[in-house]
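*Asks:* A single structure is presented below for examination.
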Protein chains: 4
Amino acid sequence: MQAPEHAQYLHFGATSQDIADTALMLRVRQLLGLQDTALRALLRDLARLAHDHAETAMVARTYGQSATLSSFGAMVAVWGNMLADLVDALPALRDGVLWVSLSGAAGTGSVLGPDPDRVRADLAAAVGLRDPKRSWHADRGPILRLAAWQTQVTAALGKMAQDILIMTQSGLKTVSLDAQGGSSTMPQKENPVQPSAIVALANMAAGLNATLTQAAQHREARDGAAWFTEWMSLPQLCLTAGSALILSGTMIAGLAPNAAALSAQIQNTDDMILAEAITFALAHKMPRPDAADRVKAMVKEALAQDTRLLEIVKSQHPDLDLAQFEPAKQLGSAPHFARDFAARVSSLT
Amino acid sequence: MQAPEHAQYLHFGATSQDIADTALMLRVRQLLGLQDTALRALLRDLARLAHDHAETAMVARTYGQSATLSSFGAMVAVWGNMLADLVDALPALRDGVLWVSLSGAAGTGSVLGPDPDRVRADLAAAVGLRDPKRSWHADRGPILRLAAWQTQVTAALGKMAQDILIMTQSGLKTVSLDAQGGSSTMPQKENPVQPSAIVALANMAAGLNATLTQAAQHREARDGAAWFTEWMSLPQLCLTAGSALILSGTMIAGLAPNAAALSAQIQNTDDMILAEAITFALAHKMPRPDAADRVKAMVKEALAQDTRLLEIVKSQHPDLDLAQFEPAKQLGSAPHFARDFAARVSSLT
Amino acid sequence: MQAPEHAQYLHFGATSQDIADTALMLRVRQLLGLQDTALRALLRDLARLAHDHAETAMVARTYGQSATLSSFGAMVAVWGNMLADLVDALPALRDGVLWVSLSGAAGTGSVLGPDPDRVRADLAAAVGLRDPKRSWHADRGPILRLAAWQTQVTAALGKMAQDILIMTQSGLKTVSLDAQGGSSTMPQKENPVQPSAIVALANMAAGLNATLTQAAQHREARDGAAWFTEWMSLPQLCLTAGSALILSGTMIAGLAPNAAALSAQIQNTDDMILAEAITFALAHKMPRPDAADRVKAMVKEALAQDTRLLEIVKSQHPDLDLAQFEPAKQLGSAPHFARDFAARVSSLT
Amino acid sequence: MQAPEHAQYLHFGATSQDIADTALMLRVRQLLGLQDTALRALLRDLARLAHDHAETAMVARTYGQSATLSSFGAMVAVWGNMLADLVDALPALRDGVLWVSLSGAAGTGSVLGPDPDRVRADLAAAVGLRDPKRSWHADRGPILRLAAWQTQVTAALGKMAQDILIMTQSGLKTVSLDAQGGSSTMPQKENPVQPSAIVALANMAAGLNATLTQAAQHREARDGAAWFTEWMSLPQLCLTAGSALILSGTMIAGLAPNAAALSAQIQNTDDMILAEAITFALAHKMPRPDAADRVKAMVKEALAQDTRLLEIVKSQHPDLDLAQFEPAKQLGSAPHFARDFAARVSSLT
C-alpha cells in the first residue's frame, strides 16, 4: 500500500464478495488439511482398537436391548467406516469447493480487462485454488457441499459419542475413558464429559447446516441477507466439526473396553442372547418356523424358571452340540468386519 | 408363500432393517433415475434459454439494487450450473448410497450360513445394488449423502424460484410465466404460484434434512427412535425434491423473458448502472481512485439535476467514447458464461 | 348454493386466505380441545404413578451416572410438571391463536361494506373465534404461538420417552411396558417401540417448527411462498404432537416401575450413591472441605478393596449413625415433589 | 472467600447446574429488561410512522403483485402489532422463565438441610427470581419458553426487514433508509445492509431454536449433552434477537416513506388496482358474479388498448361515480388499523 501505482490495482474490478469468498476458500483449504490429518489420526486409533478387539465378544444391542453377540472391534469398525468414507470423499470435495472467485460487481467480470477469464485463471493458479470458469456469487453449491461434509463428519462423531455415552452408563461401564469430568458435589462420580460435548456439537451442526441450506436460496446476483447468514453459520459449523474432531481424537486415545464388564454383560443375558442362534441350529433339524416356535417356548420357560436358556436347551435337545454356542463362535462376520476396517485404514494413502 | 419349503427362507437370517433398507434403496434407485431424467430435461430447457438469450442485456441486481449489466442467459446459466453440478454428482452418489443391506439381527450376519459375505454379495448382484461389504444398520452415511443431494437439488431450484418471484413482481415483470394462479377476488391479478410453491418446498427440504441429520446419531447396533425419524423425514424429503423438480420443469418450459421490460429496466437506471464502467474507462486516463472520485461527483450531479449520467459524462469528459457504454458492449463475460453452460448441457452424456 | 341470491355473498369481500385461515382456526380449536383432554388424561395417569411411587427409592442418574437417591414418583413429577405447565398455558394460547380472519384482498376490508369491523366481529361471534380487531394475513404470530406450544408438548413427551428408553435398556429394566414390539428374528427380545416412536416424533417436531419459523418472515401483504410452507408444516406438526400424545397415553397407562430392579440398582452402587450424603453428615463434625476430602479417600479405598462404602465409613467413623443412610431417609424432597405434582393435577379444573 | 468459615457454605448442597441455571436467569432478567426497553422504543417509532402515515396511500402487494390500496401506516401497524403482542407476553414469560434453581445433585435437595424448600425460597427472594417450588434441572420448559419468545421477536423483525428489502429495491424505492452500505465498486449504489442483516439474524434464530428444542429431550436427572447444547445455542439466540432489535431500532429511526414513489406506484397500475373496488361498485347494480365478469372484460380491454381501467369504466358505465375510486377513498380500514396501533402503543404502560 506504500506503492500507490500498484495499490490502485488492489480490489480492481473485483467486488467485495470476490475477496471474501476467495479468502474463505483459502482458509477452508487449510481447514480441510487439518481435518484430513485429524481424521486420519483418529482412524489410526480406531483401526488399532478394531484390530486389537476384533474378537473381543460383546453384546450387540438394538433398541437398547441385548440382541446377539458381536465384537468390540466390529462396533469400532462401524464408527470408523463412516469416517473413512468421509476421508474418501475429500478429493471430490476439494474439487467442488476450493474455488477462486473473481467476477466483479455482478458476476460478469466486465471491468477485469480484455480477458477476464485469463485474469481469473491466473489468480486461481497464483493462490492455488480451482478455477470454476464462471461466477459463483449466487451459486452457493460449493458452500452447501462443504457444509454437508462438515455436518456429516460431526454426525458420524456424534454417533460414536452416543454409543460411548451408553457404554459409560452406571450399570454398564463396558468402556472406560481417560478423561472424566469430576462432579462438584459427588466424589464417586465421573462424568463422561467428552462424549457429551461431542453429541452437543453434533446437535449444533445439524441446526447450523439447516440455516446454511436456507441461505442457499440466494436471491438475484448477490444477496446480502443470504450471504450474511453464511457469515454467521458457516465458520461456526466448521469450528463445530473441528472441535468435535479434536475432542474425539482425545477421547478415542483414552478409550478402552472393559473386558470384565463386557463378559459379565454376556453372562447376564442368561443365554437369551443365543436365542436366534439356537433357532437356526434347530432349523437344521426341522423347518425354521417350527424351530422358532420351540425356541420361543424355551425362552418362556427359562424366564419362568429363572434359569439359563442353555440349561433348558440341554434338557430338551440333548443332541444339540452346545459348544457351538460359545461366545467366540457366535461372532459371525464381526471379527472380519473389524479387520477389514483396520486394513482399510492401513491402505489409506 | 404357497411353497412352505421355500417360504421358510424368506427373511432368513435377516432382520427387518435389512429388508426395509434394501427395499428403500430399490426405490431410491428408481427415484434417482426419475430425478436424473427430470434434471436433464430441465437442463435442456435452461440451456435453450441461456443460448437464446446469451446476449439479451438485463440489469444485474445485487442487494436488490441495479448493479451492472449482465445478460438474461448468464442468469439462467447460474441456475443451470448449480443443477448440472448435481447431475455430475450422481454417479458418486449412486455408489455411496445404493447399497444392499443384509447383516442380520445385530449386523454380524451370524445366522446367514457359512459364508454370509457371499450371500450378501449374491443378493446385491441379484437386485442390482452395491455390496458395501459390511453392515450399515447403524452407519447412516448413505442416508445422509442421499438427503444432502436431495436438499441441494431443492435449494438450487429454490434459488431459481426466488429469482423468478422477484422478476414477476409488479413494477418489474421482466419475465412472464405460462401458468399463473388467478386471484379469487382481483380480476387483474396473476399470482406466481409455481415459484412460490418451489420456494416453499425448498424451505421444507432444509428442515427435513436437519431432522434426518439429527437421526444420524444412531445409537448402538440399531436405534428405533433414529430409524423411525428417518421413516418420517426421508421419503418426505425425496418427494419434496421430486415435486420441486416437476414444478420447475413446467415453470421453466413456460418462462419467457420480457424484452421490453428488460430494456425499460436498463433505461430507468438513468445510466447509473454504467457508473462502474465509466470509472474504469476514466481510469485509463488517470489513477483509478481519482476516476472513482470523479464518477461519484458526476453521479451526485446527475441525481441532483435529475438527468442521465451519460449526459453529465459527455459534458465533462467529451473525449470519452460513449459508444463503449452501449448495453451490448457492457455484458462482460455474461454471453460467454451463458454459452458455456449451454455447451455443458449439450455434452452431458 | 341453490340460492343464487345468497350464494353471491359467499366469499364476498374476503380473500382466500381469510377463508383458509379462519377454517384452520376452527380446526385448531377442535385440535386444542382434543389435546387438552388427552393431556389431562395423561396427567391423571402420571399423577397416580407419582402418588403411588412418591417414596419408591430409585437411583437418580446424571450424565448417565448414579448420582444420589431420588424417588420414582419425583421423576414422574418432572415429566408431569412440564406437561401441566403446558395445560396452564392453554387459555392464553387460545386467546392468542384462535382468531377469525376477515380483511379482504390486502388486509383493509375495503369491500366489506360500510362497517367492515362490524362484519368481522359478527363473523367472529358466529363461528366462536376471537376477533383480533385487525388483519393478520401477514402477521403470523398466531401460527408461531401455536407451533411453539405443539413443539413444546412434543419435546416434553420426548424427554419422558428418552428416560423410558434408558430405563427399558437391557441391564437396567427398571420399568416395564405393556406393549412391546416383538423382534422379527430374536424371540427373547422386546423392543420399546412406543418410546422410540415418541422420540422420533419429537425429532420431527423440532424440524417442522424451524421450517414454520422461517416462514414467519412473511413478505408484504400476503406471501404465497411463506403461506405454502405453513400448509406443509403446520398440519404435520399438529399431527406429530397429537400422535405423540396418543402414544404417550397408551405408554404411560402400561408403564410400571420394576421394584426389584430399582432396588438392585441401588444395591449395585456399593453405597457410592451415598457419598454426598456421607460428606454432609461428616460436615456436622468438621469443615465441609475436610469432610469432602475424607469421603473422597474412603471412596477410593472402597473401590480399591471392592467393598461397600458404608463398610469403610463404619470402620473409620464408628460414631456416625448409619441408619440415616437408609435409602428411605435419603430421598430429600423427592416424595414431596411427587405428591405436590399429584395435588397439582387434582386441582386442575 | 477470605472467610473460610463462610466460604464452605458456598456451593453447599447445590450442584453446578443450580449455580449455572440461576446465574443464567439473573442474566436473562437483565436481557429481558433491555429487550423490553428496546421493543418499546421501537414501538414508539413505529407508532409515530403509523400515525403520521395512517392515510398515506400505497399499493398493497400480495404474491409480489399489486393487489388493492392500503396505507403506509397500516403496513407499519402489521409490523408493530406483532411486536406489541410480544411485549404483552412479557409478564407471563418472566413468570414462566425467571426461576431460581436450587435442588442439588439430582434434584432432591437432599443435603440442603432440614428445610430445603425454605432455603430455595429464601434464595429466590434474595436474588429476586421466582421460586418454582420444584427442581427444573431436567425440565427445560423455561428454556423453551424463553427461546420461543426470542425466536418470535427475531422472526417479527425479519418480516419487517423482508418488507423493507422489497421496498428498497431498484424499480420501487418506496422507502428510504438513513444508513446504507456503500458499494466497493459501484458509486451509485446504496445497499440496504440493515434489513439484510436483520433477515440473516432471523434465519439464524430459526436454526438455533430448533437445536435448543432438540436439547429439551433432556435425558434422566441431568444430561450433559443436552445441557452443553443449550450452552452453545441459547446465549447465541439471545444475542441474535438482541442484535436484531438494536439494528431494527436504528433502521426504523432512519426509515421514511417516499411519497412520490408511493404515488407513482399507484399511477403505474393503470387503475388495475381498482378492479376489485369497481366490481363491488357495480355489484350494487347487478349480481356480483355479473359484475365480476364485466370487470374482467374491462380489464382485458384496458390491457389490450394499453389504457387506464377507469377510462374504460367511464365509457361503459357513465353512471358510475368515479370520485369514489380516488385512492384516499379506497383505503378501507387501513387508516383506522394504523391509528389503532398507534393508540395501542400509547396505552402500553
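*Asks:* Test residue D:252 against the criterion of being within 30 Å of residue D:312 (Cβ to Cβ), touching a helix residue (DSSP H, G or I) at 6+ places or on another chain (Cβ under 9 Å) and of a type outside the set (Asp, Glu), and give yes or no.
*Replies:* So residue D:252 does not fit the description; no.
*Asks:* Looking only at segment D:226-249, which residues are over 17 Å from residue A:208 (Cα atoms) and hydrophobic (A, V, I, L, M, F, W, C)?
*Replies:* If the condition is that a residue be over 17 Å from residue A:208 (Cα atoms) and hydrophobic (A, V, I, L, M, F, W, C), then D:227, D:244, D:245, D:246, D:247 are the ones that fit.
*Asks:* Do we have any residue at all in segment D:175-182 that's without any contact (Cβ under 8 Å) to a residue 12 or more places away in the chain, among the aliphatic types (A, V, I, L, M) and assigned to a loop (DSSP other than H, G, I, E, B)?
*Replies:* No: zero hits.
*Asks:* Within segment A:191-205, is even one residue modelled with pLDDT under 95 and in contact with a Phe, Trp or Tyr (Cβ under 9 Å, 6 or more places away or on another chain)?
*Replies:* yes
*Asks:* Scan segment C:93-126 for residues that are under 40 Å from the mean Cα position of the chain (by Cα), under 22 Å from residue D:54 (Cβ atoms) and of a type in the set (Lys, Arg) and jot them down.
*Replies:* C:120
*Asks:* In segment C:328-349, what residues are crowded, with 18+ Cβ neighbours inside 10 Å and within 11 Å of chain D (Cβ to nearest Cβ)?
*Replies:* Hits for segment C:328-349 are C:330, C:331, C:332, C:333, C:334, C:335, C:336, C:337, C:338, C:340, C:341, C:344.
*Asks:* When residues of segment B:41-65 are filtered for being in a helix (DSSP H, G or I) and of a type in the set (Asp, Glu), how many remain?
*Replies:* Number satisfying all stated conditions: 2.
*Asks:* Output yes when any residue across segment D:112-131 is within 7 Å of chain C (Cβ to nearest Cβ), under 25 Å from residue C:283 (Cα atoms) and crowded, with 24+ Cβ neighbours inside 10 Å, and no when none is.
*Replies:* No: segment D:112-131 contains no residue that is within 7 Å of chain C (Cβ to nearest Cβ), under 25 Å from residue C:283 (Cα atoms) and crowded, with 24+ Cβ neighbours inside 10 Å.
*Asks:* Out of segment B:283-296, which residues are in a helix (DSSP H, G or I) and surrounded by fewer than 15 Cβ atoms within 10 Å (Cβ to Cβ)?
*Replies:* Once the filter is applied, which keeps residues that are in a helix (DSSP H, G or I) and surrounded by fewer than 15 Cβ atoms within 10 Å (Cβ to Cβ), segment B:283-296 yields B:289, B:290.
*Asks:* Okay, moving on. Identify, by number, the condition in (1) within 30 Å of the chain's Cα centre (by Cα); (2) within 11 Å of chain D (Cβ to nearest Cβ) that residue C:138 doesn't meet.
*Replies:* (1)
*Asks:* Same structure, new question: Can you find a residue in segment D:110-130 that is closer than 30 Å to residue C:207 by Cβ and either among the hydroxyl-bearing types (Ser, Thr, Tyr) or assigned to a loop (DSSP other than H, G, I, E, B) (or both)?
*Replies:* Scanning segment D:110-130, I find no residue that is closer than 30 Å to residue C:207 by Cβ and either among the hydroxyl-bearing types (Ser, Thr, Tyr) or assigned to a loop (DSSP other than H, G, I, E, B) (or both), so the answer is no.
*Asks:* Another question, if that's okay. Just one of C:280, C:341 is among the aromatic types (Phe, Trp, Tyr), closer than 20 Å to residue C:55 by Cα and in a helix (DSSP H, G or I); which is it?
*Replies:* Being among the aromatic types (Phe, Trp, Tyr), closer than 20 Å to residue C:55 by Cα and in a helix (DSSP H, G or I) holds for just one of C:280, C:341, which is C:341.
*Asks:* Can you tell which of B:84, B:77 is touching a Phe, Trp or Tyr at 6+ places or on another chain (Cβ under 6 Å), of a type outside the set (Phe, Trp, Tyr) and at pLDDT 95 or above?
*Replies:* Result: B:77 is the single residue among B:84, B:77 that is touching a Phe, Trp or Tyr at 6+ places or on another chain (Cβ under 6 Å), of a type outside the set (Phe, Trp, Tyr) and at pLDDT 95 or above.
*Asks:* Also, I was wondering about something else. Residue check, residue D:199 against (1) surrounded by fewer than 24 Cβ atoms within 10 Å (Cβ to Cβ); (2) part of a helix (DSSP H, G or I), all met but one. Which one?
*Replies:* Answer for residue D:199: the failing condition is (1).
*Asks:* Criterion first (of a type outside the set (Asp, Glu), in contact with a His (Cβ under 9 Å, 6 or more places away or on another chain) and in contact (Cβ under 8 Å) with a residue 60 or more places away in the chain) does residue A:161 satisfy it?
*Replies:* No: the conditions fail for residue A:161.
*Asks:* Scan segment A:231-243 and tell me whether some residue there is in a helix (DSSP H, G or I) and either within 7 Å of another protein chain (Cβ to nearest Cβ) or among the charged types (D, E, K, R) (or both).
*Replies:* yes
*Asks:* Which condition does residue C:68 not pass, out of (1) of a type outside the set (A, V, I, L, M); (2) within 13 Å of another protein chain (Cβ to nearest Cβ); (3) more than 30 Å from residue C:223 (Cα to Cα); (4) in a helix (DSSP H, G or I), if it passes all the others?
*Replies:* Residue C:68 satisfies every listed condition except (4).
*Asks:* Collect the residues in segment C:296-331 that are hydroxyl-bearing (Ser, Thr, Tyr) and over 26 Å from residue C:71 (Cα atoms), keeping them in residue-number order.
*Replies:* Answer for segment C:296-331, where residues must be hydroxyl-bearing (Ser, Thr, Tyr) and over 26 Å from residue C:71 (Cα atoms): just C:315.
*Asks:* Yes or no: residue B:159 out of contact with any Lys or Arg (no Cβ under 8 Å at 6 or more places or on another chain) and basic (Lys, Arg)?
*Replies:* It is false that residue B:159 is out of contact with any Lys or Arg (no Cβ under 8 Å at 6 or more places or on another chain) and basic (Lys, Arg).
*Asks:* Can you pull out every residue in segment D:1-40 that is modelled with pLDDT of 95 or more and either in a loop (DSSP other than H, G, I, E, B) or of a type in the set (D, E, K, R) (or both)?
*Replies:* Of everything in segment D:1-40, those that are modelled with pLDDT of 95 or more and either in a loop (DSSP other than H, G, I, E, B) or of a type in the set (D, E, K, R) (or both) turn out to be D:18, D:21, D:27, D:29, D:36, D:40.
*Asks:* With respect to residue B:32, is the statement that it is within 19 Å of residue B:89 (Cα to Cα), in contact (Cβ under 8 Å) with a residue 12 or more places away in the chain and under 19 Å from the mean Cα position of the chain (by Cα) true?
*Replies:* Answer is yes for this residue.
*Asks:* Restricting attention to segment B:202-226, and to residues there that are hydrophobic (A, V, I, L, M, F, W, C) and more than 8 Å from chain C (Cβ to nearest Cβ), which single residue is nearest to residue A:78 (Cα to Cα)?
*Replies:* B:221
*Asks:* Among residues belonging to segment A:1-38 that are touching a helix residue (DSSP H, G or I) at 6+ places or on another chain (Cβ under 6 Å) and within 14 Å of chain B (Cβ to nearest Cβ), point out the one that is surrounded by the fewest Cβ atoms within 10 Å (Cβ to Cβ).
*Replies:* A:1
*Asks:* How many residues does segment D:254-279 contain that are without any contact (Cβ under 8 Å) to a residue 24 or more places away in the chain and either surrounded by fewer than 21 Cβ atoms within 10 Å (Cβ to Cβ) or out of contact with any Lys or Arg (no Cβ under 9 Å at 6 or more places or on another chain) (or both)?
*Replies:* 4
*Asks:* Condition check: at pLDDT 95 or above and either touching a Gly at 6+ places or on another chain (Cβ under 9 Å) or surrounded by fewer than 23 Cβ atoms within 10 Å (Cβ to Cβ) (or both). Does residue C:178 satisfy that?
*Replies:* no
*Asks:* For residue D:277, state whether it is within 25 Å of residue B:173 (Cα to Cα), within 14 Å of chain C (Cβ to nearest Cβ) and small (Gly, Ala, Ser).
*Replies:* Yes.
*Asks:* What tally of residues in segment D:297-327 results from selecting those that are surrounded by 11 or more Cβ atoms within 10 Å (Cβ to Cβ) and assigned to a helix (DSSP H, G or I)?
*Replies:* 19
*Asks:* Which numbered condition trips up residue A:106, out of (1) modelled with pLDDT of 95 or more; (2) buried (at least 24 other Cβ atoms within 10 Å of the Cβ); (3) not in a helix (DSSP H, G or I)?
*Replies:* (1)
*Asks:* If you don't mind, there's one more thing I want to ask. What residue, of C:169, C:188, C:150, is surrounded by 24 or more Cβ atoms within 10 Å (Cβ to Cβ), in a loop (DSSP other than H, G, I, E, B) and among the polar types (S, T, N, Q)?
*Replies:* C:188
The values are calculated or read from the model by the stated rules, or taken from the named source; none is laboratory data. Being a predicted model, the structure only gives us computed values, none of them experimental. Every residue, glycine among them, receives a Cβ derived from its backbone with ideal geometry; neighbour counts consider all protein chains shown.
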